[in-house]
Every structure is written in structure tokens, then in C-alpha cells.
């Protein structure tokens with residue numbers, strides 16, 4: 001706790017010098033509040049100050065009701081009042097004509113720095129998160145009934161066909177030709193198969209068998225057909241449910257994810273690659289792909305650039321959805337693939353239909369999939385984009401045409417639950433999203449004023465006001481490898497953000513903890529400080545004559561996971577590309593590391 005307080009003080013002092021504001025009383029207030037409320041003040045209460053600031057920037061004036069945890073007599077809080085006075089008139093609360101973006105960044109940095117630190121939630125918060133999962137499922141079912149009764153499914157199906165018709169036709173053909181090549185990922189599964197053990201799976205489902213025959217996907221070739229005698233075909237009523245678990249996110253609430261059965265995840269990965277090829281890699285040629293540039297799965301930069309443009313011009317809105325994955329109804333997904341039976345059957349076949357929720361047992365799912373499914377991210381993006389254009393169609397009060405869609409290229413974009421739309425369609429889009437059971441997060445959605453946020457970056461009037469976040473508690477020793485790695489990254493992020501005094505303070509702290517903390521290049525595998533002035537080296541490598549330094553290096557070896565015989569041959573045939581595997585020991589070690597360590601050794605300086 002002390003290390004967090006000292007870090008907050010250093011950041012406050014540096015921003016105080018930058019903005020010519022005294023922060024002594026602010027630190028005293030933080031000290032008193034932490035003493036009374038504990039770490040929850042830093043992680044839960046303090047971030048609410050930034051939410052109030054963002055709403056004030058949007059509406060153009062500050063008022064006490066925006067900061068309930070920091071009540072004061074004036075229009076702005078007493079806490080960090082020096083910075084607030086550079087943004088708002090402290091007497092009237094009116095937004096200044098030329099507010100200081102440095103002060104805006106300071107308030108956001110000082111209030112949000114510990115907002116997403118990964119700490120275990122109290123048991124009652126975890127239980128509440130599972131209850132919310134169940135309640136969300138009930139709401140999805142309720143919206144399914146109203147959506148079907150209102151006839152909106154037909155409109156949704158027609159719009160998705162307009163937007164994705166060429167891609168879905170190609171996907172349909174590829175599934176017919178069995179071009180979906182499955183693969184296993186390194187993560188956990190509902191059946192607790194890890195590493196190379198996934199290639200020895202013994203479960204398949206009857207639904208998968210119809211689209212992905214086990215004779216094509218679970219054995220290297222037809223000559224090994226007897227291998228299928230060990231496979232158990234599960235009927236729809238006896239399929240393994242997804243395993244719903246909580247993982248640390250913030251002290252306020254955990255993240256709820258669903259671990260898919262190995263068989264389902266295996267097939268999902270193959271379909272995901274096909275969808276990415278047609279919607280992200282621009283495999284559709286000519287003018288057929290009218291949603292070119294509107295949907296993306298791996299590149300956040302265009303979203304950030306559009307958010308910056310929207311903050312400057314005011315013509316683009318940034319919207320964020322709450323519980324996005326858990327609110328996408330399977331009914332909508334079925335409607336989207338209605339006229340494309342092969343891809344629709346494939347997607348449905350590898351969708352888990354039930355979930356095992358701690359404290360609630362096994363429940364039937366109305367949602368398409370929770371976070372954890374390989375298809376969750378691409379499918380939800382397609383659903384969101386379809387609903388967005390239904391909202392635009394509502395605002396236009398006429399059917400949307402291909403020309404309309406193409407005219408909005410560069411003004412509409414979806415990346416997960418981060419959405420960007422033209423301001424003039426914002427109200428209609430929000431209403432339409434919510435009419436389909438989705439929930440727009442008002443705290444993180446902006447279309448009035450000059451503040452915009454998307455994909456982890458924030459802008460005001462075209463200026464970057466993004467902040468650096470502390471993700472872990474300070475390490476007690478070098479044995480706390482994850483914490484050491486996190487705080488070295490934190491130091492380097494502060495340095496690159498221009499907070500050099502804070503970076504210098506962290507240098508002194510980390511030098512005492514690590515003992516060896518060299519200045520290294522951006523690509524060096526050593527845990528070291530980054531600098532715009534170059535790097536240091538202790539000596540030249542004996543064989544390569546390249547500079548090396550002594551420091552801590554991350555050791556995160558995959559766990560021992562031996563694989564041979566037919567499963568090893570199957571893994572070979574599932575390999576992507578023609579090049580050999582970069583990991584020559586992948587048949588001996590594979591999967592996510594069970595533990596992360598750091599070791600002291602010599603490594604490249606740059």
C-alpha cells in the first residue's frame with residue numbers, strides 16, 4: 001500500500017510542476033481517505049472522479065452532483081481543485097474556452113492510475129458477478145420474445161445479408177468444401193485438457209460430426225480409421241457444458257469468462273480464421289465488400305485515429321457496450337446466417353448450448369456465446385454492425401442501400417464492443433442497440449463535446465489525454481515475477497508518456513529491488529529501462545560480437561507435455577504454412593506457462 005501511495009505522490013508532484021499547481025493538500029486528502037477506507041479508495045472510489053470529469057467535459061460545465069464521493073461547496077471538487085481550475089471556472093463551473101489538456105490528463109491520471117489493478121475480489125462480489133450472469137441470461141430470453149413478436153428479426157436478417165452477403169456466400173462455399181482447418185489453442189478448456197493432451201481428445205459431438213466429420217478432423221488420414229474407436233460421440237442432450245469461471249479484473253468486480261469444451265474450441269478456431277480472412281484481410285475483391293474498413297478484429301489503431309478525429313471535429317461518436325458478449329442473442333446469429341445454411345450450420349454446431357455456473361448449476365444458454373469462445377469476438381462484431389445500420393436506416397426513414405453503406409466507409413467502425421458512428425445517427429443507433437437487448441455504457445460513450453474514447457485511448461480536442469495504469473501491486477521480491485515485469489513496464493510507459501521525474505523515481509525503487517536494472521533497447525528481452533538516449537552494454541558477446549548487458553530475463557517455459565504417435569502426426573498436418581514450427585520442442589513442451597519466473601543472466605542490450 002505504501003508503494004502505491006508514494007507512486008501517486010510522485011505523479012501528483014510532476015503534474016503539479018507541469019501545471020504550476022500545488023498538490024500537497026491533495027496528497028494529504030488521499031492519505032486520510034486511504035487510512036479510513038483502505039485500498040478500495042484508490043481502486044474504486046478515486047476512479048469515479050474521472051467519470052465526473054468526463055461528463056462535465058461533455059456537457060460543458062461542472063457541478064457537485066458529478067462527484068458524489070468528493071463533495072465540496074463549490075462547482076468543482078476541493079480535491080485536485082488546482083487542476084480543475086485550469087479546466088472549469090471554479091465559481092460558475094463553466095468549461096473554459098481554452099481548457100488545459102495537461103490538467104485534464106493530470107486529473108484522469110491521478111484518479112484512474114489504480115482503477116484496474118488486478119486484485120482478488122471479495123467473495124460477495126464474485127457471487128454477485130455470477131448472479132448478474134444469470135440475470136443477463138434471463139434478459140436475453142426476454143428480448144428474444146419481444147424481438148420475435150415485433151418482426152425485427154426479418155429486418156435484421158435482410159440488413160446482415162446486405163452488409164455481409166458476399167462474405168457469407170464465400171464462407172458458405174468454403175464450409176461446403178471443408179476448407180475450415182481446426183486448431184487447438186494454448187488456453188484452458190471445460191474438460192481440463194492442457195497442452196498437447198488436446199490432440200488426444202476422446203470426445204466429439206453428434207452435432208459436430210454432421211459438419212466436421214471426426215474421420216476428417218481427428219485422425220491424420222483414413223488409414224488410421226480405427227483410432228476413432230476411442231472417440232465418444234456425445235448426443236445433444238449429453239454434451240459437456242462450458243465452465244463459467246471468474247478471473248481477476250478489478251477490486252470492484254471480476255471478469256466472467258466461459259471455458260469451452262476442447263472439441264468445440266477446436267472447431268471454432270478453424271471457422272474464426274475463415275471469418276477473419278473475408279472480413280478483416282479483405283479477401284473479397286472489387287466493390288463487393290461494402291463494409292471494407294468498418295469491421296476489424298486485430299488492429300485497434302484505426303479506431304483510435306477515428307476517435308481522435310471525432311474529438312477534434314465533433315462529427316464522430318464513440319460508443320461502448322456493457323456485457324457485450326453476454327447480450328448477443330443466438331436468435332440474432334441464426335437470423336444472420338438464415339440464407340447461408342452451410343456456414344450457419346457450422347457455427348451452430350460448434351456453439352455450446354449450456355453453461356455450468358458456480359452456485360447455479362447447468363443452465364441452457366440463450367446468448368450466442370460468452371467471452372472464451374473463439375467465435376465470440378467476430379460474430380458479435382458482425383451483429384453490432386448490422387444493428388448499427390438498422391439504426392441508421394431508422395434515422396433515414398427509408399431502406400439503406402449499398403450506396404449508403406459505402407458512403408459511410410471511414411465513418412462507421414466496430415472493434416469488439418468499441419463502436420464509432422457519425423454523430424447525427426447516434427440517438428437512433430443507441431435506441432436500436434437497446435431495442436435488441438444490448439446495453440450502451442453511458443459512462444464510456446461520448447458524442448457531445450470534445451472528449452472521445454475508443455480502444456484504450458482518450459482524446460480531448462484532438463489532443464491525447466490517455467493515461468498509464470498500474471496493473472499489479474509492488475513486488476515484495478524478485479520471486480514475484482509477474483509484479484516485477486508489470487512495474488518495469490509501468491516505468492517505461494511513464495517514461496514514454498513524458499513523465500520523466502516519475503520514471504526516475506521508479507528507477508530508484510526498481511534498482512533497489514532488482515539490483516541489476518540496465519538501460520536497454522525497446523526490443524531487448526531484458527527487464528530494463530527504455531531511454532530515448534540509447535542503451536548501455538557491459539561487454540560484447542563472445543561469438544556474435546554484439547553488445548550484451550546483465551539483467552533479469554523472463555523465463556516462461558511451456559509446461560512439459562509429451563506427444564507422439566498419431567496425435568503428433570495430426571498436429572503436424574494441422575500446422576499453418578509451409579515453414580517448420582519455430583518451436584523445435586513443441587512435442588515435448590506446449591501450452592501456457594504454469595508459472596512465470598525471472599532469471600539473472602546476460603542478454604542482448606538492444
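Only the coordinates and a few stated rules stand behind these numbers; no lab work does. Because the structure is a prediction, the values reported are computed rather than measured. Please note: Cβ atoms are built from the backbone with ideal geometry, for glycine as well, and neighbour counts cover all protein chains shown.
Calculate the translational D of the range 224-304 in whole µm² s⁻¹ from Stokes-Einstein, where the hydrodynamic radius comes from the Kirkwood formula applied to all Cα pairs, the temperature is 37 °C and the viscosity 0.692 mPa s. D, rounded to a whole number, is 193 µm²/s.
With both residues required to sit in the range 415-569, DSSP beta bridges show an antiparallel share near 90%. Grab the DSSP H runs of the chain that are 4 residues or longer, score each as -39,500 (n - 2.57), total them, divide by all residues and round the 222 nm result to the nearest 500 deg cm²/dmol. Roughly -13000 deg cm²/dmol at 222 nm, from the helical runs in the chain.
Relative to the current alpha-carbon distance between residue 600 and residue 511, full extension at 0.36 nm per residue lengthens the span by 30.7 nm.
Here the gap between residue 533 and residue 299, fully extended at 0.36 nm per residue and compared with their Cα-Cα distance, gives a gain of 81.3 nm.
What is the calculated FRET efficiency for residue 448 to residue 2, with r their C-beta to C-beta distance and R₀ = 35 Å, to the nearest 0.05? It comes to 0.30.
Of 154, 501, the sequence from fewest to most neighbouring Cβ atoms within 10 angstrom is 154, 501. Which shape class applies to the chain: rounded if a/c is under 1.5, otherwise prolate when a/b exceeds b/c and oblate if not, where a ≥ b ≥ c are the square roots of the Cα gyration tensor eigenvalues? Oblate is the answer for the chain, as a/c is 1.5 or above yet b/c matches or exceeds a/b.
What fraction of the DSSP beta bridges in the range 514-604 is antiparallel, stated in percent and rounded to the nearest 5? Bridges in the range 514-604 are about 95 percent antiparallel. Across the chain, C-alpha contacts under 8 Å between residues 6 or more apart give a mean separation that, scaled by the residue count, equals a relative contact order of 16 percent.
Rounded to the nearest 0.05, the FRET efficiency derived from the C-beta distance between residue 578 and residue 232 at R0 = 30 Å is 0.30. In this simple spin-label model, placing a label point 7 Å from the Cα along the Cα-to-Cβ direction at both residue 215 and residue 560 gives a separation of 3.9 nm.
Each of 100, 246 has some number of other Cβ atoms within 10 Å of its Cβ, and from fewest to most they run 100, 246. Over the range 359-399, the ratio between the Cα radius of gyration and 2.2 N^0.38 Å evaluates to 1.69. Computed on the range 62-195, with alpha-carbon pairs under 8 angstrom and 6+ residues apart, the relative contact order is 10 percent. Comparing Cα centroids, the range 242-282 and the range 177-197 end up 12 angstrom apart. When the Cα convex hull of the range 2-115 is projected onto planes of every orientation, the mean area is 6.3 nm². Residue ranges 425-436, 507-518 sort as 425-436, 507-518 when ordered by packing (mean number of other C-beta atoms within 10 Å per residue, highest first). Using a Debye calculation, one point per C-alpha and no hydration shell, please list log10 I(q)/I(0) for the range 123-460 at q = 0.07, 0.10 Å⁻¹ in order. Ignoring solvent entirely, the Cα scatterers give -0.30, -0.61. Given their separation in residues at 0.36 nm each and the Cα-Cα distance between them, residue 31 and residue 397 gain 126.1 nm when the chain is fully extended. For the peptides 200-207, 256-263, 8-15, residues were scored by their other Cβ atoms within 10 Å and the scores averaged per peptide; the highest-first order is 256-263, 8-15, 200-207. Taking every DSSP bridge with both residues inside the chain, close to 80 percent are antiparallel. Before anything else, pin down the relative contact order of the range 2-115: Cα pairs under 8 Å, at least 6 apart, normalised by residue count, whole percent. Reported relative contact order: 27 percent. Altogether, the Stokes-Einstein calculation at 20 °C and 1.002 mPa s, with the Kirkwood radius of the range 1-42 over Cα pairs as Rh, returns a diffusion coefficient of 203 µm²/s. The order of the peptides 295-308, 589-602 by mean Cβ neighbours within 10 Å, most packed first, is 295-308, 589-602.
The alpha carbon centroids of the range 566-582 and the range 376-429 are separated by 40 Å.
Shape verdict for the range 149-285, please, from the Cα gyration tensor: rounded (a/c under 1.5), prolate (a/b greater than b/c) or oblate. Cα axes put the range 149-285 in the oblate bin. For the range 357-438, what class follows from the C-alpha gyration tensor (a ≥ b ≥ c being the square roots of its eigenvalues): rounded when a/c is under 1.5, otherwise prolate if a/b is larger than b/c, else oblate? The shape class here is prolate.
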